[in-house]
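What follows draws every value from the coordinates through simple rules; no lab data is involved. Since we're looking at a predicted model, the values are computed, not measured. Cβ placement follows ideal geometry from the backbone for every residue including glycine, while neighbour counts extend to all protein chains displayed.
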Amino acid sequence: MINIIINMVSRLLRGIGSRMIARVWRLGAGTRLFMLAIVYSGESFRRFHLTLREVYFTGVMSLLIIIVSAFFVGMVLALQGYNTLQKYGSSEAIGVLVALALVRELGPVVTALLFAGRAGTAITAEIGLMKTTEQLSAMEMMAVNPIARVVAPRFWAGVISMPILAALFSMVGVLGGYLVAVPLIGVDDGAFWSQMQANVDVRADIINGVIKSVVFGVACTMIALFEGFDAPPTAEGVSHATTRTVVISSLTVLGLDFVLTSFMLVV
Amino acid sequence: MTSNIVEIDNLSFGYNGRVLHKGINMAFPKGKVVAIMGGSGSGKTTLLRLIGGQVKPTKGEVRVNGQVVHEQSRDGIYQLRRSMGMLFQHGALFTDLSVFDNVAFPMRELTDLPESMIRDLVLLKLNAVGLRGAYKFMPTELSGGMARRVALARAVALDPSIIMYDEPFAGLDPISMGVICGLIRSLNDALGATSIIVSHDVKETFLIADYVYFVANGEVAAEGTPEDLMQSTLPFVHQFVHGEKDGPVPFHYAAPDYRAQLLG
């Protein structure tokens, strides 16, 4: 009886240990890929058209989902904001509420979540399939470094695209909020814009939002690239890797957002 | 001065506790077409990966142009690979690039040739494999045989001195098989290269190979010219060459007693 219990406990501990080792190994391998992507970035800038091509696939192709989502998010913010603010007689502050919510939080965070779902999954699936169909091996055998040729341009494309997409998200969101607040609800046009202008700070709000979106860009793109690179070369392997990209990216973005916001509020 | 462009010396390799090769010796003379044959899972493709430096041997060494592959730095291995071309089993064409761009890929990546010269060279290579007219196609628009031919044009794009073929005949119709077969021999002779073919297609391989190695159980089970091997009385070679169902490689995978298993 004691032997059975000892066996069960030891099996449980071994299971936990092996899972922990696998997680730490993946973290190390992901960090290594990140470092290599930085080291072999020269090609991405020397032949900038390679990076631009990826900016098109990751950034430009994500525009539609970003703009439509931003529009609705801005409209909902205005509706909800007005509903609360009018109770306190500050419905003119609706412009500030919409702008600050978008620039500080929702712009970078929702953009990153949508980016992970739209562009991140595409990157993982593409690289996973390149691995499955031996395209990466073929590149290696041609003496072409896949990290310099495949990973680095996609990495920089993600880092470049994310702040631009987040800025567009905030801009379109403010426009959506304006359309609901001013023409639909009847908030004063001048108060909407002037309060926003007076209370949104470039350093504390906009720059911090940009910093967040750059960090999210690095995290989401790197996670997508690593999952593709690490995917077992089977249909099932690529499918699991794509799912992991969305799950890990989303959790990482939300976690990082808390950490960054804490630092930004303290500093 | 050796005339062998690739030499495998007492090579052993394995992973995850599984031994794949046990002290293999092979030589690939300059200008010859040499085949490595054996059953599925016998480690033939891994030998190509060892020659290309994609994996490291656990013992022994592979020498390419007299240089030990696994002792090279990353840059050294890349330098060695510039003298190699490889045709992968399913072509491994870049699916986001057209046929033209696939063949131009190594030229654009590894040379400073002007675009006008790259254009001429690509058309030259595509003409050699009979697909100059398909230069605008995307890989998804090609049949299996055509994709293999484009991959062959890409493999020889920089006139390599060693061309490796991983199962070049697998899954092809007889016409495509004949075309690939002829191209391997003619490109080898035209470029003065050394070809290493990994295959289990006896008829086609014996037609073009100058020398054949048989790999079984991690060792070189037999070697010789195709004529020698056709006459071989070695049980494994005889079974393999004549496609016999049973022999040293049994039809039945190891299993418990049939009667006992059926009766529970």
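Compared with the alpha-carbon gap, the fully stretched path from B:Gln239 to B:His252 is longer by 3.2 nm at 0.36 nm per residue.
Overall, the anisotropy analysis places region A:40-266 in the prolate class: the square-rooted eigenvalues a ≥ b ≥ c of its C-alpha gyration tensor yield a/c not less than 1.5, with a/b exceeding b/c.
Using a 7 Å offset from Cα along Cα-Cβ at B:Asp9, what residues in region B:211-226 end up with backbone N under 15 Å from the label point? No residue passes the distance filter. As a calculated quantity, the FRET efficiency between B:Arg132 and B:His90 at R0 = 30 Å, using C-beta atoms, amounts to about 0.85. The local environment of B:Arg108, defined by Cβ-Cβ distances under 10 Å, has a net charge of -3 under the rule Lys, Arg +1 and Asp, Glu -1. Calculated mean residue ellipticity, 222 nm, chain A: -26000 deg cm²/dmol, from DSSP H runs (n ≥ 4) at -39500 (n - 2.57) each, averaged per residue and rounded to 500. Can you pull the one-decimal nm distance between simple spin-label points at A:Leu129 and B:Lys56, each 7 Å off the Cα toward Cβ? Result: 3.5 nm between the two label points. Phi angles of region A:3-15 translate, via the Karplus equation with coefficients 6.51, -1.76, 1.60 and θ = phi - 60°, into HN-Hα couplings of 4, 4, 5, 4, 4, 4, 5, 5, 5, 5, 5, 4, x Hz per residue; Gly and Pro are given as x. Hydrodynamic analysis of chain B uses the Kirkwood radius over alpha carbon pairs. Inserted into Stokes-Einstein at 25 °C and 0.890 mPa s, it gives a translational diffusion coefficient of 125 µm²/s. Phi angles of region A:195-211 translate, via the Karplus equation with coefficients 6.51, -1.76, 1.60 and θ = phi - 60°, into HN-Hα couplings of 5, 5, 4, 6, 10, 8, 9, 5, 5, 6, 10, 5, 4, 4, x, 5, 4 Hz per residue; Gly and Pro are given as x. Taking a sphere under 11 Å around the Cβ of B:Ile5 and counting the other residues whose Cβ falls inside, with K and R at +1 and D and E at -1, yields a net charge of +2. Extension gain for B:Arg185 to B:Glu115 (0.36 nm times residue separation, less C-alpha to C-alpha distance): 22.2 nm.
With a ≥ b ≥ c the root eigenvalues of the C-alpha gyration tensor of region A:1-90, is it rounded (a/c under 1.5), prolate (a/b larger than b/c) or oblate? Oblate. Label-to-label distance for A:Ser18 and B:Asp159 is 5.4 nm, based on points extended 7 Å past Cα in the beta-carbon direction. Close amide H pairs (under 5 Å, H built 1.01 Å from N) link B:Leu20 with B:Phe13, B:Gly14, B:Tyr15, residues at least 5 positions away or on another chain.
Each of A:Thr121, B:Thr140 was scored by other Cβ atoms within 10 Å of its Cβ. Listed from fewest to most, they are B:Thr140, A:Thr121. Applying 1/(1 + (r/R0)^6) with r as the Cβ-Cβ distance of A:Asp189 and A:Leu251 and R0 = 51 angstrom yields a FRET efficiency of 0.80.
Neighbour counting of Cβ atoms within 10 Å sorts the residues B:Glu109, B:Glu244, B:Glu7, fewest neighbours leading, into B:Glu244, B:Glu109, B:Glu7.
Under the convention that each Lys and Arg Cβ holds +1 and each Asp and Glu Cβ holds -1, the size of the dipole of chain A around its Cα centre is about 860 debye. Rounded to whole numbers, the Karplus 3J(HN,Hα) couplings from phi for region A:239-245 are 5, 5, 5, 5, 4, 4, 4 Hz, using 6.51 cos²θ - 1.76 cosθ + 1.60 with θ = phi - 60°, and x at Gly and Pro.
Within the straight-line cut-off of under 15 Å between alpha carbons, the aspartates and glutamates reachable from B:Lys136 are B:Asp96, B:Asp101, B:Asp120, sequence neighbours fewer than 8 places apart in one chain being disregarded.
Using a cut-off of 29 Å between alpha-carbon atoms, which lysines can reach B:Lys32, once sequence neighbours fewer than 8 places away in the same chain are excluded? Within reach: B:Lys22, B:Lys44, B:Lys56, B:Lys59, B:Lys125, B:Lys203. Relative to the longest principal axis of the Cα atoms of chain A, helix A:48-58 runs at roughly 70 degrees. Neighbouring Cβ atoms from other chains, within 10 Å of the Cβ of residues in A:139-152, number 5 on average. Of the residues A:Glu105, B:Glu71, the one with the fewest other Cβ atoms within 10 Å heads the list, and the complete ranking is B:Glu71, A:Glu105.
Quick one, could you list the DSSP H helices from chain B stretching 30 Å or more along their long axis (Cα atoms) with average Kyte-Doolittle hydropathy of -1.0 or above? Passing helices, by number: none. According to the square roots a ≥ b ≥ c of the eigenvalues of the Cα gyration tensor, what is the shape class of the protein assembly as shown, taking rounded for a/c under 1.5, prolate for a/b larger than b/c otherwise, and oblate for the remainder? Prolate, because a/c is 1.5 or more and a/b exceeds b/c.
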